[in-house]
Amino acid sequence: MILRVALDVPLPKLFDYRTDEATRADVGYRVLVPFGKKRLVGLIVEVAADSDVPASRLRAAEKILRDVPPLEHEWLELVKFCSGYYQRPLGDVVAAALPPRLRRLQAIPELPATYAITASGSEALAALPARQRRMRALLEQLRQEPRGGPAIAAELRGARALIARGLEAGWVAEVEPPRPEPRFVRALTLTPEQEQALARLRQGLDKFGVSLLFGVTGSGKTEIYLQLIAEVLSRGKQALVLVPEIALTPALAAAFRSRFADACIVTQTSATPEAERARGWLLAHRGLAHIVLGTRLAVFASLPGLGLVVVDEEQDASFKQREGVRYSARDLAIARAHIAGAPVVLCSATPSLETFHRATSDKYELVPLTRRAIREAELPAVRLVDTRAHPVHDGFTAPLLEAISARLGRGEQSLVFLNRRGYAPVLACPACGWVKGCRRCSAHMVVHLSERSLRCHHCGLAESIPRACPECGNPDLHPFGRGTQRVEISLGEKFPRARVLRLDSDAVRSQSGLDGILESADRADILVGTQILAKGHHFERLTLVGVLNADAGLFSSDYRAGERSFAQLQQVAGRAGRASLPGEVFIQTRYPGHPLYQALVKHDYTGFARSVLAERREAGFPPFVFEAVLRAESADAMRAMRFLREAIEAAPPRSAAISLFDPTPMSLARLAGVERAQALLQSRSRPRLQAFLSKWSETLYRLPAHGVRWHLDVDPVEF
Ligand SMILES: [Zn+2]
Ligand SMILES: [Zn+2]
């Protein structure tokens, strides 16, 4: 027999190996094979009778690894879809989809075995003399209920040897672990609107369908999907929940555990330690885990009993993988649910425009929630502070400072939001105009005063702050603009008695974790922070949000900037007044008339989305066209551009339905010493774009690369 094996090798093909020991039932098993001088673990994708490779050149597979049950047809369908859609070799996708431990020839962390007493064990227990105290204790334990090895060992010294003796005597047998029945606890009382939403989602539970659960911050979306998951578990099925932030996963997992008693809940993120990740993955794969909770990579968990997929904060950019297999976990979640015949629920207060467009054009089911679930909690009042009428001093306008001062007087909390960490984004010489750039990236270095260094936020390079201008020798270098560190310092000067706390990824790193810092955050009077603050955490006394520098997102060349800006501002505004105290939001802006701000004031995402969608339709941007880019990376910018031009010349003939644009450098042209350029493709027809990409990709693999690395990015988010 011939095994067709997917290997983690950058070639778009499967590799054939011969074997005597295989049948067609071996599809989905991992296999150890020789490759060049190496041995690799691959995945058996097909078992065939013959091969195109001449028999003399076929090598023998070393061993089929049957310790892990085979991956099922549905899972293989998912990785094949991902490979075809994102134009990546299947072996690459399989490697990205499996936890690292399963890709290597390495012991897989064993699931603890469960033991039960046999009939002859029960007889023996009655007959065993009292001096066989420990064997009696073991059998006594197992007579009550089957137990796992670790549970036995916790109560009994020398458990392992005892179990071995019991197994040998036939008194003890290894059994399937009992599957605990999860119990849903403390179902909250739903508002009539929530009830209605839940009822609609419940109706769709036994078939594929995409729903958008679209509700303002605080409208209780989480409670709805928790109750929906409870329903799925009660039907004996598994649920997959995708969330954007690694940092929030432990807290969310704890919340899930407190609501689903006795449920087996597994987390899968890139921060999960390898052994734990493999163990959790296997629990899900064997159908023992009830819920898999994780970031984008969890979309590849093997779930033979999948009954529901939830994607929380579906608009979040982190669902798009930016290297290797450049998949969107949200889009794959939909493909996956389709393959499994299960529903998928996308949740958001500010959906991506792609999703919103489909939900309002009857492709998805729109399930709206218009009210906050806690009756007293009103939506915060959003005020625009015109910086032409109220000049900015040291980052602040007078009305915002007065509002903060009033909160301090009442013992309430304020949050100053600024999406820029560090002290100042630019270090420059006022005498000659020199600006400190990163030597590896086309970007400025950011002044970090608390670490006394300059940092590149793109590649991580750190340098000390120069004493004088390297161009003209002027010792008086100026930091321009402001980041969170600078705002923290000036707030400390303006309100010397207030407790000011900065919350950004630098602070989280130095305080070793988000949890510890969030605890002290509840005691602070003024919080200064980046978008880390916008998500998840609930501040009881927070009644004021001040936004500095909001205009930075208005005039970007990236057509998605406005959408992201709106989502972020609405999310951070939602932090104000979640409890019984009313909230207020101050946005400092030079453009108070801008439609984005006008929509924010009215809490009108729908109006905003409709107007932006109309612009996109007019201008021919997604979701009205589909996009892909061919990207080339090289130490030499000329080579990257030349490769792209050659690739375009070698492109197969294309219909008028496909536009292929001239290559351009990326907006961040140099990153960590690598020059990056790309050619954009657009089409109104996704199938035609896909067909063209498949053909083009074949020719690309044959083009001489000359020190250029290339990849295709389908549905790109960076340009
Ligand atoms: Zn100078
Ligand atoms: Zn850099």
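Each reported figure results from applying straightforward, stated rules to the coordinates on display, with no laboratory input. Model, not experiment: these values are computed from the prediction. Glycine gets a Cβ as well: all are built from the backbone with ideal geometry, and neighbour counts include every protein chain shown.
One table, with the values for the structure above:
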read-out	value
Kirkwood Rh and Cα Rg combined as Rg/Rh, the range 96-155	1.24
Shape category assigned to the range 204-352 from the gyration tensor of Cα positions, a/c cut at 1.5	rounded
For VAL528, residues with placed amide H under 5 Å, excluding near neighbours	VAL416, LEU501, ARG502, LEU503
Relative contact order of the range 219-280, pairs being alpha-carbon contacts under 8 Å that are 6 or more residues apart, as %	21 percent
Structure-based [θ]222 nm, the chain - -39500 (n - 2.57) summed over DSSP H runs of at least 4, per residue, nearest 500	-10000 deg cm²/dmol
Helix 249-259 axis, angle to the chain major axis (alpha carbon atoms, nearest 10°)	60 degrees
Most positive-pole-ward Cα, LEU644, PHE214, ALA127, against dipole of the chain from beta carbon charges	ALA127
Projected-area average for the range 133-246 over all orientations - Cα convex hull basis, square nanometres	11.6 nm²
Beta bridge orientation in the chain: antiparallel %, DSSP, nearest 5	55 percent
Cα long-axis angle, helix 561-573 against the chain (0 to 90 degrees, to the nearest 10)	80 degrees
Packing-based ranking, highest mean first, of 607-618, 631-642 given that Cβ atoms within 10 Å are counted	631-642, 607-618
For GLN315, distant residues with modelled amide H under 5 Å away	SER352
Coil-residue trypsin sites (Lys or Arg not before Pro) of the range 188-226, DSSP, other Cβ within 10 Å capped at 13	LYS207
Convex hull volume per residue in cubic angstrom - Cα atoms of the chain	215 Å³
Per-residue HN-Hα couplings for the range 20-29 [Karplus 6.51, -1.76, 1.60; θ = phi - 60°; Hz; x = Gly/Pro]	9, 9, 9, 10, 5, 6, 8, 4, x, 7
Rounded to 10°, Cα long-axis angle of helix 73-85 versus longest principal axis of the chain	30 degrees
Sorted by Cβ neighbour density within 10 Å, fewest at the top, the residues SER270, SER302, SER318	SER270, SER318, SER302
Distance (nanometres) between label positions extended 7 Å along Cα→Cβ at ALA154 and ALA55	5.9 nm
DSSP-loop trypsin sites (Lys or Arg not before Pro) across the range 399-455, with at most 16 other Cβ within 10 angstrom	ARG439, ARG440, ARG452
Karplus-derived HN-Hα couplings along the range 541-549 (A = 6.51, B = -1.76, C = 1.60, θ = phi - 60°), whole Hz, x at Gly and Pro	9, 7, 10, 9, 10, x, 10, 9, 6
Distant-in-sequence amide H partners of CYS441 (H built 1.01 Å from N, under 5 Å)	ALA672, GLY673
31 Å Cα-Cα threshold exceeded, pairs from LYS320/LYS363; LYS37/LYS80; LYS436/LYS602; LYS13/LYS237; LYS80/LYS363; LYS237/LYS320	LYS436/LYS602; LYS13/LYS237
